[in-house]
């Protein structure tokens, strides 16, 4: 209950955003502008500030990537099998279905919740996962869809994905902050103070923007598939991450971070991918909404369980 009480204010902010999006009468452009501000300016500033001081933090155990992305490959394979044999989905729909089971909302939801439940010291570990998250998972689903459509995949498609990842402002913020950290000097106040002020807005603004985005989704289509995605995302993936973390002896701090990230709600990007390919739009929208609400309970529960294994 203590963990739930700690994270509850964050989900209240999501509810505030949802109410604004649903009942304020504001045009959709307000939500789009707020999302752009969060993704392109505020969150990159926060991550740049954190990573610029990376030299002062204890070293991160890179095995956390094995635990997190190892689970992604396992759950993705499970998702493809479930989609094909239980829901009789075509290969493209199966790829999007499986992506829903592994792609977490680690930017707009994971960062503020991890900061609150695990402390600011968890941010370097989160940044390490974020660097590889888009690259590995977008490449995985792109290759999967291309293979499903043509029986092969193109190097051009993978390179395009790679370029888009490194043009992402969040990745730029992480990499540029890490580059500054190599100098082992703090940011000068004339730069550091504005960056800190911008970054301090990241948590509340991103959660309100997420709530506003969720208010535009419909939950009337593909409910059976949506329930299966929720089960994979909120239960199966964090459990597999925890098992891998224990098996490889991952330290407590990193283990809690990757389990928390794996237990996050389905990322909004899964819905965007569904729109791009014209499949599973109802199911991905519903699962995004459901998992955001349910993770208010499931994520604190997983952190509590991890605390028992890693006192």
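None of the figures in this text is laboratory data; all of them are computed from the coordinates on show. The model shown is predicted, which means the values in this text are computed figures rather than measured ones. All Cβ positions, even for glycine, are placed from backbone atoms using ideal geometry, and neighbour counts span all protein chains on display.
Points to keep in mind about this one:
- Over the chain, Cα pairs under 8 Å with separation of 6+ residues give a relative contact order of 35 percent.
- Footprinting exposure proxy ranking of 310, 18, fewest other C-beta atoms within 10 angstrom first, gives 310, 18.
- Cβ-based exposure ranking for 170, 191, in which fewest neighbours within 10 Å come first: 191, 170
- Most mobile of 14, 126, 163 in a GNM of the chain (Cα contacts under 10 Å): 163
- Max mean-square fluctuation residue, GNM over the chain, Cα-Cα springs under 10 Å, options 286, 215, 295: 215
- Cα shape, region 1-151, gyration tensor, a/c 1.5 rule: oblate
- With neighbours defined as other Cβ atoms within 10 Å of a residue's Cβ, the residues 227, 62 order from fewest to most as 62, 227.
- Among 156, 281, 193, residue whose mean-square fluctuation peaks in a GNM of the chain (springs only between Cα atoms under 10 Å): 156
- According to the Kirkwood relation over distinct C-alpha pairs, the hydrodynamic radius of the chain is 19.7 Å.
- Spacing of the two label points (7 Å from each Cα toward its C-beta) at residue 62 and residue 196, in nm: 3.2
- Base-10 log of normalised Debye intensity for region 35-113 (one unit scatterer per alpha-carbon) at q = 0.26 Å⁻¹: -1.13
- Tilt relative to the chain, helix 237-247 - C-alpha long axis, 0 to 90 degrees, to 10: 60
- In plain terms, the chain from residue 132 to residue 16 could stretch by 38.6 nm, reckoned as 0.36 nm per residue minus the Cα-Cα distance.
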